[in-house]
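Let me begin by presenting the structure, written as structure tokens, before commenting on it.
The values are calculated or read from the model by the stated rules, or taken from the named source; none is laboratory data. Every value quoted in this text rests on a predicted model; they were computed, and no experiment measured them. Quick reminder, even Gly has a Cβ in these numbers, built from the backbone with ideal geometry, and neighbours come from all protein chains shown. Only protein heavy atoms, including side chains, enter the accessible area calculation; ligands, DNA and RNA are left aside. Shrake-Rupley method; radii C 1.70, N 1.55, O 1.52, S 1.80 Å.
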Amino acid sequence: MSEKPWGGRFESPTNEFVEAFNASIDVDARMYAEDIAGSRAHAKMLTAQGILSQEDCNSILRGLDEITGEINSGEFEFTIALEDVHMNIEARLTEKIGDAGKRLHTARSRNDQVATDTRLYLRRRTADIVARIRHLQKVLVALADEHADTIMPGFTHLQTAQPVTLGHHLLAYVEMFDRDAGRFSDASKRMNCCPLGSAALAGTTFPIDRFMTAEKLGFDSPTRNSLDAVSDRDFIMELLAAASITAVHLSRFSEELILWMSAQFQFVDLPDAFCTGSSIMPQKKNPDMPELVRGKTGRIIGGLVAILTTVKSLPLAYNKDMQEDKTAVFDAFDNLEGSLRVFGDMLPGITVNKAVLHRAASSGFATATDLADALVRAGVPFRDAHEIVGKSVGHCIKADIELHEMDEAACSAIDARLSVDMVRALSVESCVAARDHIGGTAPAQVRIQVTAWQKELKS
């Protein structure tokens, strides 16, 4: 008999280089637990349907338990000669229990087997990713609570725009990560259908019970079309899209932390344990972890581009190209989970320079919009108010002063409707506090949102 389970049709052995190039065991060995779980469910279903004897089933289950122990202890030797995790486990099972091991593959194919294993594995990893996101949200909510009234400049175009609170700024990321968790959860629901029983592409002639295997493996139902079941990689594309968006959010946050930690900003300081120094410049403290997370974003997005490109021209049903799907998604998940862990562990130790933030918010004319609003409340049309404040800012730039420092003469010279009382009333505290509505940056609103998030994330 050929050493390859599929070798009966071939007269010469596989080229040595081709054998290595063709193998996927270095990537898919991590799915061994899912592969064994699928085989256990398949064996029990075949037995219930009278396709496999109870004696053979008992031998298979015992053998699979022993193989699990061998893999967990490091005794199991995976080999590229057997290509993938499925054939490595099946070959070892047959070696251990004889012909019963050869009967396990009845009514299934590696096509539906790998589709099942991949869904099982990614279902578990997706739950881990969501848990990491939720932990990060809790960390951010705690920081937002601590800094509900810490005033900082808000930016548009990276230019000072209006004063906000740091708590409000942090809660913006809580919102982003909540959508990320939702995308992963939605994708997980859609992929929770069991392909097992679809066989190579057309189903099987054996009287199998696909509902039984689906239930035993925790799927909501079996897939409805065998052609689609073995060729569907939508769930990988969807998960990689969710991973890419989450990585982009982490990258945006990374960029802000990198800027904020610079000598030019000095808004925050990151814990030493998450930074490194320079081999030549002794004064350096580099925000390497945010930089690395920012860099890994391109790698994760690359995984999405890779799978989209792989699938875009594939005819139904299974094609060998699909072997490349796991490389992309496994790498993306590994790097995303690591990035989420870094942020979840790093942020509780962040030091916030409140005085620097307040000083930055008090400069750059961040209160200009509030001065325009004051003019509007005094009966000035908004477009006129906008022009008046614009002229006021121009005057202050030339005089090297802030808006609240203008005197009565300067106000009158710009426009009779602009009073010194209006400019003297300006403060970043009053500007922030005035935005006391849902979605606003007022400390009171931040605390309302913190309480709501604490309740939601606790459930």
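Restricting the first member to the stretch 67-78 and to residues that are over 10 Å from R92 (Cα atoms), and the second to residues that are open to solvent by less than 70 Å² (accessible area, probe 1.4 Å) and among the charged types (D, E, K, R), the beta-carbon pairs closer than 9 Å and six or more apart or on different chains are E70/R92.
Looking across S221, S198, one residue alone is of a type in the set (S, T, Y) and surrounded by fewer than 22 Cβ atoms within 10 Å (Cβ to Cβ). It is S221.
Determine, yes or no, whether E402 is closer than 18 Å to T160 by Cβ, in contact (Cβ under 8 Å) with a residue 12 or more places away in the chain and acidic (D, E).
Numbers: closer than 18 Å to T160 by Cβ: yes; in contact (Cβ under 8 Å) with a residue 12 or more places away in the chain: yes; acidic (D, E): yes.
Spelling it out, E402 is indeed closer than 18 Å to T160 by Cβ, in contact (Cβ under 8 Å) with a residue 12 or more places away in the chain and acidic (D, E).
Look at (1) surrounded by 16 or more Cβ atoms within 10 Å (Cβ to Cβ); (2) in contact (Cβ under 8 Å) with a residue 40 or more places away in the chain; (3) not hydroxyl-bearing (S, T, Y) and you find that D331 fails only one, number (2).
On the basis of being closer than 30 Å to P163 by Cβ, among the β-branched types (V, I, T) and at pLDDT 95 or above, does V85 make the cut? When the stated conditions are applied, V85 does not pass them. Checking the condition touching a strand residue (DSSP E or B) at 6+ places or on another chain (Cβ under 8 Å) and either open to solvent by 10 Å² or more (accessible area, probe 1.4 Å) or at pLDDT 95 or above (or both), which residue from R119, R30, R103 passes? None of the others qualify; the one that does is R119. Of the residues making up the stretch 231-273, those that are among the acidic types (D, E) and in a helix (DSSP H, G or I) are D234, E238, E255, E256, D272.
Taking the conditions exactly as written (more than 23 Å from S185 (Cα to Cα) and surrounded by fewer than 21 Cβ atoms within 10 Å (Cβ to Cβ)), does E256 satisfy them or not? Yes. Scanning the stretch 434-455 for residues that are buried (at least 18 other Cβ atoms within 10 Å of the Cβ) and part of a helix (DSSP H, G or I) returns P443, Q445, V446, Q449, V450, W453.
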